[in-house]
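Scroll down for the structure; my scribbles are underneath it.
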Amino acid sequence: MSEAGCAPEDGARAGAVGVIAIDGPTASGKGTVAERVAAALGWNYLDSGSLYRLAALRTLRSGVDPHDADAVVAVAGSIAPTFSGGRIVLEGEDVSDAIRAEGVGALASQIAVIPALRAALAGLQRAQRRAPGLVADGRDMGTVIFPDADLKVFLTASADSRARRRHKQLIEKGFSATVPDLLRDLRERDARDMRRESAPLRPAEGALVLDSTYLTIDQTVAAVLEAHRRNPGAGARRAGTKPGTTGRA
Ligand code: CDP
């Protein structure tokens, strides 16, 4: 996420700023890839999932029923996080680690089906579109939030490899987890994200579809940068990775 508070701002000025949208299912590596692409280009980075996780944390702590859409929007629709030095502060507390817990991610996916919550968080996301450019990752960056993005990428990987990657990530962060539990959870989350009516997870039209099951992070980052270089500002082209790992939506 770029180093700034999240006050919504006028979208007109931001219109000219380039955007690379990277969407995909849980644990597909899109966060790491998006961050590395942003660093390579010197662009800002938006982890849109962190906003849904912050909303989930707020919901959890407030004790409201997550099935009560109005109550969730009332407590979580007006969050005003601050992003600084890679840390996320909400109401004076550094919650960067707390929002990474699997329970928070699962609740984020549950409340993300609420259209009014999505609408409430849209302004925070669009406000991150600042010069010299933005790399944004999530589920609906290319389809809903930045439909005019210069490059749209749909990053996926097999469920097994995603569960193993998420397991490694959680263990490194000191959380306990097992691969079979994570596999079950991520299948549930994929299904919910893809089936919901509001901004379902799907490749945007014209998106570069990248299957990273057999790609390293470096290869995946290189594929996105190559697509950007080939046609900066005018949409995606096939990236030069192994045959069968890329395609157009
Ligand atoms: O890390 P992981 O990919 O599992 O999740 P995340 O990107 O941190 O997002 C957490 C949850 O928020 C996802 O499971 C989605 O349901 C939701 N989300 C969304 O609906 N739209 C986005 N643009 C980003 C996240």
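Every read-out reported here was derived from the displayed coordinates using simple, explicitly stated rules and does not represent laboratory data. Because the structure is predicted, anything quoted here is derived from the model rather than measured. Please note: Cβ atoms are built from the backbone with ideal geometry, for glycine as well, and neighbour counts cover all protein chains shown.
Computed from the C-beta positions of R230 and M194 and an R0 of 22 Å, the FRET efficiency is 0.15 to the nearest 0.05. Take the Cα of R130, step 7 Å toward its Cβ, do the same at Q219, and the gap between the two points is 3.6 nm.
Net charge of the neighbourhood of A149, taken over other residues with C-beta under 13 Å away and scored Lys/Arg +1, Asp/Glu -1, is -3. Along the chain, the longest continuous region that contains none of the chymotrypsin sites (Phe, Trp or Tyr not before Pro) in a DSSP loop with at most 15 other C-beta atoms within 10 Å is 1-174.
If I stretch the segment between S158 and A106 completely, what's the gain in nm (0.36 nm per residue apart, minus their alpha carbon distance), one decimal? Before the final figure, lay out each step's value.
On the way: separation 52, 0.36 × 52 = 18.72 nm, distance 1.93 nm.
Contour length minus the Cα-Cα distance gives 16.8 nm.
Less than 5 angstrom separates the built amide H of L46 from those of V135, A136, D137, all sequence-distant by 5 or more or on a different chain. Less than 10 Å Cβ to Cβ from D185, Lys/Arg counted +1 and Asp/Glu -1: what total charge do the surrounding residues give? Overall, the nearby charge balance is 0.
What is the calculated FRET efficiency for A71 to D181, with r their C-beta to C-beta distance and R₀ = 30 Å, to the nearest 0.05? Result of the calculation: an efficiency of 0.55. Kirkwood-based Rg over Rh for region 137-177 (C-alpha set), two decimals? Dividing the radius of gyration by the Kirkwood radius yields 1.17. Within the chain, the selection of entire DSSP H helices by a Cα span of 15 Å or greater along the long axis and an average Kyte-Doolittle value of at least 0.0 returns 30-41, 48-62, 115-126. Applying both filters, DSSP loop and at most 15 other Cβ atoms within 10 Å, to the GluC sites (Glu not before Pro) of region 15-96 gives E91. Amide H to amide H distances under 5 Å link G18 with L134, where only residues 5 or more positions off or on other chains count and H is placed in the peptide plane.
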